[in-house]
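Chemist: The structure that follows is given in the form of structure tokens.
The values are calculated or read from the model by the stated rules, or taken from the named source; none is laboratory data. Nothing here was measured: the structure is a model prediction, and the numbers come from that model. Counting neighbours? That spans all protein chains shown, and the Cβs are built from the backbone with ideal geometry, glycine included. These area figures cover heavy atoms from the full protein model, side chains too; ligands, DNA and RNA do not enter into them. Shrake-Rupley method; radii C 1.70, N 1.55, O 1.52, S 1.80 Å.
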Amino acid sequence: MDSIMILGLVAATITTFSFFPQMVKTWQTKSAKDVSYIMLIAFNTGVFLWVLYGIALKSLPIILANSVTLVFNLIILWLKIKYR
């Protein structure tokens, strides 16, 4: 694994897991009133396209980071719908 791949994986890990606290807070408080539906839908659409882009490039950091980010944000969207 070269240094560019490691850099990509570190960056991907940090940005991906930045959504984890929001997901946990939404779950614990059972409230997502301050999270916008439009933002979640637009963001999830963009992240899904990043996953497709990563697959096309065969780029592991892009695929992994955006796949996990997509899962976290789909959970946040589901919680927003569930707790409305």
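Chemist: Being at pLDDT below 90, loosely packed, with under 13 Cβ neighbours inside 10 Å and among the charged types (D, E, K, R), is that true of even one residue in segment 74-82?
Modeler: Going residue by residue through segment 74-82, those that are at pLDDT below 90 are none.
For segment 74-82, residues at pLDDT below 90, loosely packed, with under 13 Cβ neighbours inside 10 Å and among the charged types (D, E, K, R): absent.
Chemist: Name the pairs: first residue in segment 33-47 and closer than 12 Å to R84 by Cα, second residue open to solvent by 70 Å² or more (accessible area, probe 1.4 Å), Cβ to Cβ under 9 Å, at least 6 apart or on different chains?
Modeler: K33/R84; V35/Q22; Y37/I81
Chemist: Let me ask something additional. Would you please name the residue that is farthest from L74 (Cα to Cα), looking only at residues in segment 1-40 that are charged (D, E, K, R) and outside any helix (DSSP H, G or I)?
Modeler: Step one: of segment 1-40, the residues charged (D, E, K, R) are 2, 25, 30, 33-34.
Now drop any that are not outside any helix (DSSP H, G or I), which leaves 2, 30, 33-34.
Numbers: D2: 32, K30: 15, K33: 16, D34: 16 Å.
If we take residues in segment 1-40 being charged (D, E, K, R) and outside any helix (DSSP H, G or I), then D2 is farthest from L74 (Cα to Cα).
Chemist: Could you run through segment 1-23 and say how many residues are loosely packed, with under 11 Cβ neighbours inside 10 Å and farther than 25 Å from S59 by Cβ? Quick ask: steps written out before the conclusion?
Modeler: Let us first name the residues in segment 1-23 that are loosely packed, with under 11 Cβ neighbours inside 10 Å, namely 1-4, 14, 21.
Then drop every residue that is not farther than 25 Å from S59 by Cβ, which leaves 21.
Of the residues in segment 1-23, 1 are loosely packed, with under 11 Cβ neighbours inside 10 Å and farther than 25 Å from S59 by Cβ.
Chemist: Name the single residue, out of those in segment 25-62 being within 11 Å of the chain's Cα centre (by Cα) and under 30 Å from I4 (Cβ atoms), that is most open to solvent (accessible area, probe 1.4 Å). Steps first, please.
Modeler: Residues of segment 25-62 that are within 11 Å of the chain's Cα centre (by Cα), as a first pass: 40, 43-48, 50-51.
Then drop every residue that is not under 30 Å from I4 (Cβ atoms), which leaves 43-48, 50-51.
Working: F43: 70, N44: 13, T45: 75, G46: 29, V47: 7, F48: 100, W50: 126, V51: 17 Å².
Among residues in segment 25-62 that are within 11 Å of the chain's Cα centre (by Cα) and under 30 Å from I4 (Cβ atoms), the one most open to solvent (accessible area, probe 1.4 Å) is W50.
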